[in-house]
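**Q** Below you'll find the structure I mean.
The values are calculated or read from the model by the stated rules, or taken from the named source; none is laboratory data. Predicted model, so just to flag it, every value in this text is computed and none were measured. Don't worry about glycine lacking a Cβ; one is built from the backbone with ideal geometry, like all the others, and counts go over all protein chains shown. Surface areas here come from the heavy atoms of the whole protein model, side chains and all, with no ligands, DNA or RNA. Shrake-Rupley method; radii C 1.70, N 1.55, O 1.52, S 1.80 Å.
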Amino acid sequence: PVYNVLDFLETFQDEVHYICDEILLEDGRTSVAGGTNVGKSLFALQFALCVSMGVPFMTFNVPKPRRVLLVQFEMMDAMMTQRITSMMNALLDKYPDRKHIMAKNLHIISADQKKLFEDSYVKIEGNLKASKTPYEVLIIDNLYTSTQVDTVKNDQLRNLLETIESIKKRYKLAVMVVAHHKKMAEKQVPLDTSMVFGGSFYSFWLDNLIQLAGTFNDKLKVMKITKTRTNSEFHNLPLGIKLTDDEERNHLLYEYLQPLPKGEVFWYREKETTDEDRVLDAVDTQGDNFTYEDMKLALAETLNITSSNSVSRWLKKLLKQQRILKIERGVYAKNRTDLDELLN
């Protein structure tokens, strides 16, 4: 239909509502993607628990509880029991009155009877159809093992997405899908939609795409919302999240820390202590301030670098990494943040 502009404004006045702020819209399509063992399934599980309870997912508000169906093919049911118990314990410590709401709203399809790479969407739809109370959110973990189709091939991926979309529309669902990153030759690059299997074809289908990455610090993960169809203060901003694993209390939970300082790539280095760290530790500072000459002496002492061109290159590199700040000509300062103290 074609409308004149005033009739259009009068007809389409529905507000856009989030099931979880920044993460999943009502009637929306979201994916969480990342490399192997980065914590995608734990992310999706905590999201399912929080949405079913109607409590914040880390720092992201969940306005009200929703009915959630979680379909996972990553772990044995016994392993899922352990993870659910640990996450539930941590959340119920904060929200002890929400246990009955979670029990009413969150349902999980057993994975033990599923054959690997068997197409599961007939069974998923059967569960949706059989439910007396409609679900509002469907979480699929993961896209690759939920089907026998080759998700690398666009024609087969298109058919799979059409299947998910038809189920989504028929049962009026919002959908979160766990997906994988391609194996990248160069790891130390900013998170980007092109890293996800399916590339632009898959990401175009989504309303929101959240990507996860590990860092040199085992406590710290990077979360980045690389696609969103709404205004977002977090769009393309690398965020620090921490996976707290307290074995003594049997608690397991992601916690939001803060936007990451020093540039995203800084956090992807393989070693916690690098040449840059050794040089900066050797710099003679007054407080956090130091001079060009102080840097020159530190480079000579640690790496036997003495040329002026090399000193200038090192300063430019450290400035680009946001490891240091320029105060004035020839004067710099170490860029310390609260996150350094928190992780140490």
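**Q** Could you identify the single residue in Leu157, Leu220 that is touching a Gly at 6+ places or on another chain (Cβ under 7 Å), farther than 23 Å from Cys50 by Cα, in contact (Cβ under 8 Å) with a residue 12 or more places away in the chain and of a type in the set (A, V, I, L, M, F, W, C)?
**A** Details: Leu220 fails: farther than 23 Å from Cys50 by Cα.
That would be Leu157, the only listed residue that is touching a Gly at 6+ places or on another chain (Cβ under 7 Å), farther than 23 Å from Cys50 by Cα, in contact (Cβ under 8 Å) with a residue 12 or more places away in the chain and of a type in the set (A, V, I, L, M, F, W, C).
**Q** With a cut-off of at least 1 residues that are more than 24 Å from the chain's Cα centre (by Cα) and closer than 21 Å to Asp21 by Cβ, name the helices (runs of 4 or more DSSP H) lying wholly within region 42-132. It would help to see each step written out before you state the result.
**A** Numbers: elements: 77-94, 99-105, 121-130.
Where helices (runs of 4 or more DSSP H) fall fully within region 42-132 and carry at least 1 residues being more than 24 Å from the chain's Cα centre (by Cα) and closer than 21 Å to Asp21 by Cβ, they are 99-105.
**Q** Tell me whether region 222-237 contains one or more residues that are surrounded by 17 or more Cβ atoms within 10 Å (Cβ to Cβ) and of a type in the set (Gly, Ala, Ser). Before the answer, list the steps.
**A** Of region 222-237, the ones surrounded by 17 or more Cβ atoms within 10 Å (Cβ to Cβ) are 222-228, 234.
Of the ones still in play, those that are also of a type in the set (Gly, Ala, Ser) are none.
Among the residues of region 222-237, not one is surrounded by 17 or more Cβ atoms within 10 Å (Cβ to Cβ) and of a type in the set (Gly, Ala, Ser), which makes the answer no.
**Q** Something else about it: Return the total of residues in region 245-279 being touching a residue at least 40 places away in the same chain (Cβ under 8 Å), under 19 Å from Gln188 (Cβ atoms) and basic (Lys, Arg).
**A** Result for region 245-279: 3.
**Q** Within region 185-214, can you find the residues that are surrounded by 21 or more Cβ atoms within 10 Å (Cβ to Cβ) and of a type in the set (Val, Ile, Thr)?
**A** Correct list: Val196, Ile210.
**Q** Still on this structure, please answer the following. Counting only residues that are out of contact with any Asp or Glu (no Cβ under 9 Å at 6 or more places or on another chain) and either surrounded by fewer than 24 Cβ atoms within 10 Å (Cβ to Cβ) or more than 22 Å from Gly199 (Cα to Cα) (or both), how many does region 30-42 have?
**A** Of the residues in that region, 6 qualify.
**Q** Separate question: Out of all the residues in region 85-116, which are at pLDDT below 95 and hydrophobic (A, V, I, L, M, F, W, C)?
**A** Once the filter is applied, which keeps residues that are at pLDDT below 95 and hydrophobic (A, V, I, L, M, F, W, C), region 85-116 yields Ile108, Ile109, Ala111, Leu116.
**Q** Ok, one more. Need pairs with beta-carbon distance below 8 Å; first residue under 17 Å from Glu136 (Cα atoms) and within region 162-182, second among the aromatic types (Phe, Trp, Tyr); sequence gap 6+ or separate chains.
**A** These pairs meet every condition: Ile164/Tyr121; Glu165/Trp205; Ile167/Tyr121; Tyr171/Tyr135; Leu173/Tyr135; Met176/Phe47.
**Q** Out of all the residues in region 60-84, which are of a type in the set (S, T, N, Q) and either at pLDDT below 95 or open to solvent by less than 10 Å² (accessible area, probe 1.4 Å) (or both)? I'd like the intermediate steps shown before the answer.
**A** Going residue by residue through region 60-84, those that are of a type in the set (S, T, N, Q) are 61, 72, 81-82.
Once the filter is applied, which keeps residues that are of a type in the set (S, T, N, Q) and either at pLDDT below 95 or open to solvent by less than 10 Å² (accessible area, probe 1.4 Å) (or both), region 60-84 yields Gln72, Thr81, Gln82.
**Q** Further question on the same structure: How many residues are in a loop (DSSP other than H, G, I, E, B) and surrounded by fewer than 10 Cβ atoms within 10 Å (Cβ to Cβ) when one looks only at region 1-19?
**A** As a first pass, look at region 1-19 and keep what is in a loop (DSSP other than H, G, I, E, B): 1-4, 12-17.
With the extra rule that they be surrounded by fewer than 10 Cβ atoms within 10 Å (Cβ to Cβ), the set shrinks to 1-2, 4, 12-15.
The number of residues fulfilling the criteria is 7.
**Q** Just the residues that are free of Cβ contacts under 8 Å to residues at least 40 places away in the same chain and over 14 Å from Pro190 (Cα atoms), please, taken from region 228-241.
**A** First pass over region 228-241, keeping only residues free of Cβ contacts under 8 Å to residues at least 40 places away in the same chain: 231, 233, 235-237, 239.
Listed by number, the residues that qualify are Asn231, Glu233.
**Q** Related question: Working carefully through the options Lys262, Lys317, find the one that is open to solvent by 30 Å² or more (accessible area, probe 1.4 Å) and more than 26 Å from Ser41 (Cα to Cα).
**A** Values: Lys262 fails: open to solvent by 30 Å² or more (accessible area, probe 1.4 Å).
On inspection, the qualifying residue turns out to be Lys317.
**Q** Considering only residues of region 306-324 that are modelled with pLDDT of 90 or more and in contact with a Leu (Cβ under 9 Å, 6 or more places away or on another chain), which is nearest to Asp277 (Cα to Cα)?
**A** Trp314
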